[in-house]
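Contents: one structure, followed by commentary.
The values are calculated or read from the model by the stated rules, or taken from the named source; none is laboratory data. Model, not experiment: these values are computed from the prediction. FYI the Cβ positions are ideal-geometry reconstructions off the backbone, even for glycines, and counts take in every protein chain you see. Only protein heavy atoms, including side chains, enter the accessible area calculation; ligands, DNA and RNA are left aside. Shrake-Rupley method; radii C 1.70, N 1.55, O 1.52, S 1.80 Å.
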Amino acid sequence: MTKCALITGITGQDGSYLAEWLLQKEYQVHGIVRHASTSSHGRINHLLDRITLHDADLLDASSLRRVIERVAPDEYYNLAAMSFVPVSWEQPILTAETTGLGVVRALEAIRQVNPSIRFYQASSSEMFGKVVETPQSESTPFYPRSPYAVAKLYGHWITVNYRESYDLFACSGILFNHESPRRGVEFVTRKISRAAARIKMGLDKELRLGNLEAQRDWGFAGDYVRAMWLMLQQEAPADYVIGTGRTQTVAAFAEAAFARVGLDWQDYVVVDPRFYRPAEVNLLLSNPQKAHAELEWYPDHTFEGLVHMMVDADLEQLGSGVVGLTSTKFAA
Ligand code: NAP
Ligand code: GDD
């Protein structure tokens, strides 16, 4: 029988890849979009004739409930959030409302309408923050370092709590950083890949970055949405760390991206303290053993493959005159 999935955050990077994955698995795919004066459908334009969109907002519990009643999904993926860490210091309360309380609004709607709906929550390695052990696994204690991470921690624990309180099939995927050509241009990987392409084409002269020594466990978003789906196909709900098990510095990403276009990154990158954060997460490195053993999930893409994919896509977009998928809404 055809399964039906509902995605909050379908217009985002992960939402677009998850929708593609579920369509390939022959799901009926529905997505929640919030109203805006300009369309945010850039990442899903190519899917619009195969998915159904509904107006709702994580800030509005009644709108979520109405859509869940209408769609009657088998699976609900909550990927929606205010996801850019620096903005969470500028808008901590909105971040808590969306990224934190938005999760319990979705869970409450599911509990009241149909508690058999399987639920995925997009938790984050940012919750490990000032890490207390390395590598980080499902049993590593959390130490959030931003209003975003604090809000994600609420979303994580309320998902666990609804599973334990109401027996919901609710899973929390603790995903490490994952990137793609569809990544928002304010995140550091896309900022770098786009700048390398623009500098190569003579459109820019320099790239201003913050902390070059920060280390992240970077993977490809297309691989990670597969893990989300796998979690909801298991016999019992659980939480999983998803990452590559390798970490790289921001400087290494810049070096690889500029090398892809035949340039030396050190000739173009300028350190600008404007991009430092009030509290930094210095090192993230996953231990994805549980996902390997129970989900049989492994990433298909390497760090180098990811960097090349992103730089090549930015070169192609600039060459074809197509403007980036997301405009630079923020200063980072
Ligand atoms: P993204 O590109 O920033 O997408 C965020 C999505 O949330 C967008 O579709 C956005 O809609 C939607 N949204 C924001 N506020 C909303 C609201 N009030 N109501 C309904 N929808 C709202 O993020 P992503 O990279 O795809 O990440 C997906 C999820 O995974 C996020 O929850 C993120 O925090 C989490 N996560 C991401 C990573 C990563 O490395 N990418 C790692 C761990 C966890 P608009 O298009 O209207 O803005
Ligand atoms: N954005 C940005 N811009 N980051 C910079 C810059 C810059 O100019 N220069 C250095 N960095 C450093 C940041 O200080 C951070 O340590 C690292 O690059 C990564 O920053 P982002 O790409 O903005 O991602 P993030 O790690 O803060 O958060 C992403 O990953 C989380 C999972 O760990 C987001 O996708 C979150 O939503 C996600 O939860």
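Looking at (1) outside the structural domain of residue 312 (by TED's automatic domain parsing); (2) aliphatic (A, V, I, L, M); (3) within 24 Å of residue 40 (Cα to Cα), which one does residue 188 not meet, given that it meets all the others?
Against the list (1) outside the structural domain of residue 312 (by TED's automatic domain parsing); (2) aliphatic (A, V, I, L, M); (3) within 24 Å of residue 40 (Cα to Cα), residue 188 comes up short only on (1).
Of the numbered conditions (1) surrounded by 20 or more Cβ atoms within 10 Å (Cβ to Cβ); (2) in a loop (DSSP other than H, G, I, E, B), residue 190 satisfies every one except a single condition; which is it?
With respect to (1) surrounded by 20 or more Cβ atoms within 10 Å (Cβ to Cβ); (2) in a loop (DSSP other than H, G, I, E, B), residue 190 is out only on (2).
Can you tell me which of (1) open to solvent by less than 40 Å² (accessible area, probe 1.4 Å); (2) touching a helix residue (DSSP H, G or I) at 6+ places or on another chain (Cβ under 8 Å) is the one residue 203 doesn't meet?
Unmet condition: (1).
Looking at the range 68-90, which of the residues that are within 11 Å of ligand 1 (Cβ to nearest atom) and not hydroxyl-bearing (Ser, Thr, Tyr) is surrounded by the fewest Cβ atoms within 10 Å (Cβ to Cβ)?
Selected residue: 84.
Among the residues of the range 145-187, how many are more than 26 Å from residue 17 (Cα to Cα), touching a Phe, Trp or Tyr at 6+ places or on another chain (Cβ under 8 Å) and part of a loop (DSSP other than H, G, I, E, B)?
Of the residues in the range 145-187, 1 are more than 26 Å from residue 17 (Cα to Cα), touching a Phe, Trp or Tyr at 6+ places or on another chain (Cβ under 8 Å) and part of a loop (DSSP other than H, G, I, E, B).
Tally time: how many residues in the range 1-45 are open to solvent by less than 20 Å² (accessible area, probe 1.4 Å), farther than 23 Å from residue 69 by Cα and more than 11 Å from ligand 1 (Cβ to nearest atom)?
Residues that pass the stated criteria total 0.
Filter the strands (runs of 3 or more DSSP E) completely within the range 198-293 down to those with at least 2 residues that are under 22 Å from the mean Cα position of the chain (by Cα).
Fully inside the range 198-293 and qualifying: 240-242.
Listed residues 147, 135; which is farther than 30 Å from residue 69 by Cα, assigned by TED's automatic domain parsing to the domain that holds residue 76 and in contact with a strand residue (DSSP E or B) (Cβ under 8 Å, 6 or more places away or on another chain)?
Being farther than 30 Å from residue 69 by Cα, assigned by TED's automatic domain parsing to the domain that holds residue 76 and in contact with a strand residue (DSSP E or B) (Cβ under 8 Å, 6 or more places away or on another chain) holds for just one of 147, 135, which is 135.
State whether the residues of the range 106-129 include one that is aliphatic (A, V, I, L, M), within 16 Å of ligand 2 (Cβ to nearest atom) and open to solvent by 40 Å² or more (accessible area, probe 1.4 Å).
There is no residue in the range 106-129 that is aliphatic (A, V, I, L, M), within 16 Å of ligand 2 (Cβ to nearest atom) and open to solvent by 40 Å² or more (accessible area, probe 1.4 Å).
Among the residues of the range 3-30, what is the count of those that are part of a helix (DSSP H, G or I), closer than 16 Å to residue 123 by Cα and in contact with a Gly (Cβ under 8 Å, 6 or more places away or on another chain)?
2
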